[in-house]
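Trainee: Input: one structure, supplied below.
The values are calculated or read from the model by the stated rules, or taken from the named source; none is laboratory data. Here the structure is a predicted model, which means the values were calculated and not measured. All Cβ positions, even for glycine, are placed from backbone atoms using ideal geometry, and neighbour counts span all protein chains on display.
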Amino acid sequence: MRTKLGMEISPTGENKYKKLLINMIYKLLPIREEKNDWQNYLSSLIEEIHGFEDLFEEIDEVSVIRILSKLQGLQTLDKEEDFYLYRKTVLECTNLIK
C-alpha cells in the first residue's frame, strides 16, 4: 500500500492498522454502555477514516464509503431503545474491514 505522498506501507503495517481500526470501532460499544462521550469519540473516528481515505491511493472505496455511512448513521441512534441497532451497526463496520 502506498500513500499519495509516495510512502510505502508494508503488508504488516497495513494489517496492524486494520486491527487498530477494528479495535477503535469496537470501542464505540463500551464507551456508550458506560455513558461516556461516545459522540465525540465517534466524530474523531469518522475524521480519522476520512484522513485515511485522503492519504492512500489504492483503497477499497466501496468499503470506506459503507463504513463512513454506517458510522455517520450512528450519530442518530442516541436513544436507549436504539442500542441494539447501534451495536449491530458497529459490528457490521468491523466486518467491513478486510
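Trainee: Mind checking which residues of segment 1-34 are not in a helix (DSSP H, G or I) and not aliphatic (A, V, I, L, M)? Quick ask: steps written out before the conclusion?
Mentor: First pass over segment 1-34, keeping only residues not in a helix (DSSP H, G or I): 1-10, 27, 34.
Within segment 1-34, R2, T3, K4, G6, E8, S10, K27, E34 qualify.
Trainee: The conditions are (1) closer than 16 Å to E92 by Cβ; (2) surrounded by fewer than 11 Cβ atoms within 10 Å (Cβ to Cβ); (3) of a type outside the set (S, T, Y), and N40 fails exactly one of them. Which is it?
Mentor: (1)
Trainee: For segment 51-64, which positions are surrounded by 12 or more Cβ atoms within 10 Å (Cβ to Cβ) and of a type outside the set (D, E)? Spell out how you get there, then give the answer.
Mentor: Looking only at segment 51-64, we keep the residues that are surrounded by 12 or more Cβ atoms within 10 Å (Cβ to Cβ), and these are 52-53, 55-56, 59-60, 63-64.
Result: F52, L55, F56, I59, S63, V64.
Trainee: Right, something else. Taking segment 10-32 as the search range and keeping residues that are touching a residue at least 40 places away in the same chain (Cβ under 8 Å) and either more than 18 Å from N95 (Cβ to Cβ) or not basic (K, R) (or both), which one is surrounded by the most Cβ atoms within 10 Å (Cβ to Cβ)? Full working, then the answer.
Mentor: Let us first name the residues in segment 10-32 that are touching a residue at least 40 places away in the same chain (Cβ under 8 Å), namely 18, 21-22, 25-26, 28-29, 32.
Still in the running and either more than 18 Å from N95 (Cβ to Cβ) or not basic (K, R) (or both): 21-22, 25-26, 28-29, 32.
Working: L21: 18, I22: 15, I25: 25, Y26: 13, L28: 22, L29: 15, R32: 21.
Residue satisfying both the conditions and the ranking: I25.
Trainee: To continue, here is another question. How many residues does segment 43-95 hold that are at pLDDT 95 or above, part of a helix (DSSP H, G or I), among the hydrophobic types (A, V, I, L, M, F, W, C) and closer than 15 Å to I25 by Cβ?
Mentor: Going through segment 43-95 one residue at a time, the tally reaches 9.
Trainee: Can you tell me which residues in segment 76-97 are over 12 Å from the mean Cα position of the chain (by Cα) and either surrounded by 15 or more Cβ atoms within 10 Å (Cβ to Cβ) or in contact (Cβ under 8 Å) with a residue 40 or more places away in the chain (or both)? Reasoning before the result, please.
Mentor: Our first condition is that a residue be over 12 Å from the mean Cα position of the chain (by Cα); within segment 76-97, this holds for 76-88.
Within segment 76-97, L77, F83, Y86, R87 meet the criteria.
Trainee: Exactly one of these conditions fails for K70: (1) free of Cβ contacts under 8 Å to residues at least 40 places away in the same chain; (2) in contact with a Ser or Thr (Cβ under 8 Å, 6 or more places away or on another chain); (3) closer than 22 Å to K4 by Cα. Give me its number.
Mentor: Of (1) free of Cβ contacts under 8 Å to residues at least 40 places away in the same chain; (2) in contact with a Ser or Thr (Cβ under 8 Å, 6 or more places away or on another chain); (3) closer than 22 Å to K4 by Cα, only one is false for K70: (3).
Trainee: Residues in segment 19-35: is at least one in contact with a Cys (Cβ under 8 Å, 6 or more places away or on another chain) and not small (G, A, S)?
Mentor: yes
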